[in-house]
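The values are calculated or read from the model by the stated rules, or taken from the named source; none is laboratory data. Here the structure is a predicted model, which means the values were calculated and not measured. Cβ: placed from backbone, ideal geometry, glycine included. Neighbour counts: every protein chain shown. Ligands, DNA and RNA are excluded from the accessible area calculation, which covers all protein heavy atoms including side chains. Shrake-Rupley method; radii C 1.70, N 1.55, O 1.52, S 1.80 Å.
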Amino acid sequence: MATFSACMLLQHLTKAFVFGVAGFVFRDWLPLMLVMVAAGFLGTWLGLRLLHRLSEHRFDTLFKWALTLLALRLVWLGGQRLLAGG
């Protein structure tokens, strides 16, 4: 896990450097970036707490239902777009 984290850190720092050289103004987007980092941290924390409370079988069932509902939503949105002509 530590090796993966270190690799991800290097990857993100490289991207940040390239974007900075390309002229991206991080200061303008700093509040949104901080909210995104906080949301990621909170989601990870909540997800780990949930995983410790669920059995593997129950998690698999909930995960499959969530994927099914998301797929049905995509089909619904695609159908609406197709019927709307565009």
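What whole-number value in Å² describes the accessible area per residue of the chain for a 1.4 Å probe? With all protein chains present, the chain gives 95 Å² per residue. Entry note: the chain has Rg to Rh equal to 1.13, where both radii use alpha-carbon atoms and Rh is the Kirkwood radius.
Assign unit charges at the C-beta atoms only (+1 for Lys and Arg, -1 for Asp and Glu), then state the dipole size of the chain relative to its Cα centre in Debye, rounded to the nearest 20. Working shown, then result.
On the way: 8 positive and 3 negative charges, 33 e Å.
In debye, rounded to 20, the chain gives about 160.
At 0.36 nm per residue, and after removing the present C-alpha to C-alpha distance, how many nm does the segment from Ala22 to Ser5 gain when stretched out fully?
Details: separation 17, 0.36 × 17 = 6.12 nm, distance 2.56 nm.
Working it through step by step, the gained length comes to 3.6 nm.
Counting only whole DSSP H helices of the chain, the ones at least 30 Å long by C-alpha along their axis and with mean Kyte-Doolittle hydropathy no lower than -1.0 are 26-53, 56-84.
For the chain, the list of chymotrypsin sites (Phe, Trp or Tyr not before Pro) that fall in a loop by DSSP and count at most 14 other C-beta atoms within 10 angstrom reads Phe24.
A straight chain from Arg58 to Leu70 at 0.36 nm per residue would run longer than the Cα-Cα distance by 2.5 nm. Surface composition of the chain: carbon plus sulfur atoms contribute 75% of the solvent-accessible area (1.4 Å probe, protein chains only, all chains present).
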